[in-house]
Amino acid sequence: MDGFPSTAPPPTRRLSADAAGLEQAAALIAAGRLVALPTETVYGLGADATDPAAVAGIYAAKERPSFNPLIAHLPTRAAAMAQGIFDAHAQKLAEHFWPGPLTLVVPVAPGGTVCDLARAGLDSVALRVPGHALARDLLARVGRPVAAPSANRSGRVSPTRAAHVLADLDGRIAAILDGGDCPVGVESSVVACLGGPPRLLRPGGVTREALAAVLGFSPETGGEVGARPVGPGLLASHYAPRAGVRLDATRIAPGEAVLLFGAFRPEGLAEACAAENLSEAGIAEEAAARLFSALRRLDASGASVIAVAPVPEAGLGEAINDRLRRAAAPR
Ligand code: TXA
Ligand code: MG
């Protein structure tokens, strides 16, 4: 600190995806600073999950309501399993889907080190082993659980490339580790295993069909644990672009921006001010990977409404439709 009053925020450092960048990112996190990191789903805003001051920094940078608990990321299944109590369902899911886009909410282990603030005071903890090699390398170097919500301001569209993160958080975080585009593109599926049948709190990168194949049954959706809301799905508006969002559009009004899926063409498409197709071929995986950047581009068109053509619910369609419904929710 030079003692001069400054108005400009300190710049956010761009770190490259090599050993030097990883070392710097790990050192910053270990020192209690905020570092955005790539995962296979979306970029996370990482901080030492054992350090309440560092975690408080996440809530502040995101302007996130503090009752919303965060996911703790670990480099290996063994490290994650040491943080929680895994029943038979949770063990099966961890074995099949970790590393990968699945978050398990389980009771905190007696020796668990994820701080109260990261868990929003709950006696459960959300754990994830990312399927992104660079992320796991970083987590191994940090050597502690890393709390990482999506690296966007609260309520905004999640980031799937470094430029998205900087658009929301430049100057608010110490650094970003640039790992290129996130291949999955929607957040992890969140499954609670808290005794009784597992519940799908948030659809995401692991499909309901894949979960059902491992569990032997399809998990129930949503639900509350204790007296507190258990997922931001219960917040009305989330993942919101600036423009309004209108779902199941089969007819386009002049001047609207349009989000398409597959071969379907709504009436009036020629009058749209901008259009993006999530997947010409109608492939849900491709659509998920492109969802958040397509929403950002349509938002940048300046249209006041983004009209969204129907997206089938199968496979990753459930997660895509969940994000689109939240984007369309009243604000
Ligand atoms: O793909 C992802 O999951 C990304 C990347 C960065 O890993 N992270 C992410 O984190 O989406 P976040 O904080 O945006 O979402 C955390 C989700 C929320 O739905 C939250 O309510 C739920 O996990 N969650 C966390 N702890 C919980 C708990 N103890 N009980 C119930 N739900 C919990
Ligand atoms: Mg988020």
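The values are calculated or read from the model by the stated rules, or taken from the named source; none is laboratory data. Just so it is clear, the model here is predicted, and its values are computed rather than measured. Heads up, the Cβs are rebuilt from the backbone with ideal geometry, glycines too, and the neighbour counts pull from every protein chain shown. What goes into the accessible areas is simple: the full protein's heavy atoms, side chains included, and nothing from ligands, DNA or RNA. Shrake-Rupley method; radii C 1.70, N 1.55, O 1.52, S 1.80 Å.
Among the residues making up segment 286-302, those that are open to solvent by 10 Å² or more (accessible area, probe 1.4 Å) and either outside any helix (DSSP H, G or I) or free of Cβ contacts under 8 Å to residues at least 40 places away in the same chain (or both) are E286, R297, A300, S301, G302. If the condition is being open to solvent by less than 10 Å² (accessible area, probe 1.4 Å) and within 16 Å of ligand 2 (Cβ to nearest atom), then segment 110-134 contributes A118, R128, P130. Could you tell me whether any residue of segment 164-181 is part of a loop (DSSP other than H, G, I, E, B) and within 11 Å of ligand 1 (Cβ to nearest atom)? No, segment 164-181 contains no residue that is part of a loop (DSSP other than H, G, I, E, B) and within 11 Å of ligand 1 (Cβ to nearest atom). Cβ separations smaller than 8 Å between residues 6+ apart or across chains give the following pairs from segment 74-101 residues that are of a type in the set (K, R) to residues that are open to solvent by less than 30 Å² (accessible area, probe 1.4 Å): R77/A94; R77/W98; R77/V129; K92/V214; K92/L215. Considering the conditions (1) free of Cβ contacts under 8 Å to residues at least 24 places away in the same chain; (2) more than 16 Å from the chain's Cα centre (by Cα), D168 is excluded by exactly one of them, (2).
Taking the criterion of being in a loop (DSSP other than H, G, I, E, B) and either of a type outside the set (S, T, Y) or touching a strand residue (DSSP E or B) at 6+ places or on another chain (Cβ under 7 Å) (or both), the residues of segment 263-285 that qualify are A263, F264, R265, P266, G268, A272, C273, L278, E280, A281, G282, I283.
Using the structure shown, decide if D123 is out of contact with any helix residue (DSSP H, G or I) (no Cβ under 7 Å at 6 or more places or on another chain) and acidic (D, E). Yes; evaluated as a whole, the condition is true for this residue. One residue is enough: does segment 222-234 have a residue meeting the conditions at pLDDT 95 or above and either open to solvent by less than 20 Å² (accessible area, probe 1.4 Å) or more than 16 Å from ligand 2 (Cβ to nearest atom) (or both)? No, segment 222-234 contains no residue that is at pLDDT 95 or above and either open to solvent by less than 20 Å² (accessible area, probe 1.4 Å) or more than 16 Å from ligand 2 (Cβ to nearest atom) (or both).
Scoring P145 on the criteria (1) under 15 Å from V184 (Cβ atoms); (2) open to solvent by less than 20 Å² (accessible area, probe 1.4 Å); (3) out of contact with any Pro (no Cβ under 7 Å at 6 or more places or on another chain); (4) not charged (D, E, K, R) leaves a single failure, condition (1). Scanning segment 151-165 for residues that are of a type in the set (S, T, Y), within 9 Å of ligand 2 (Cβ to nearest atom) and crowded, with 23+ Cβ neighbours inside 10 Å yields a count of 1. Would you say R141 is in a loop (DSSP other than H, G, I, E, B) and in contact (Cβ under 8 Å) with a residue 24 or more places away in the chain? So R141 does not fit the description; no.
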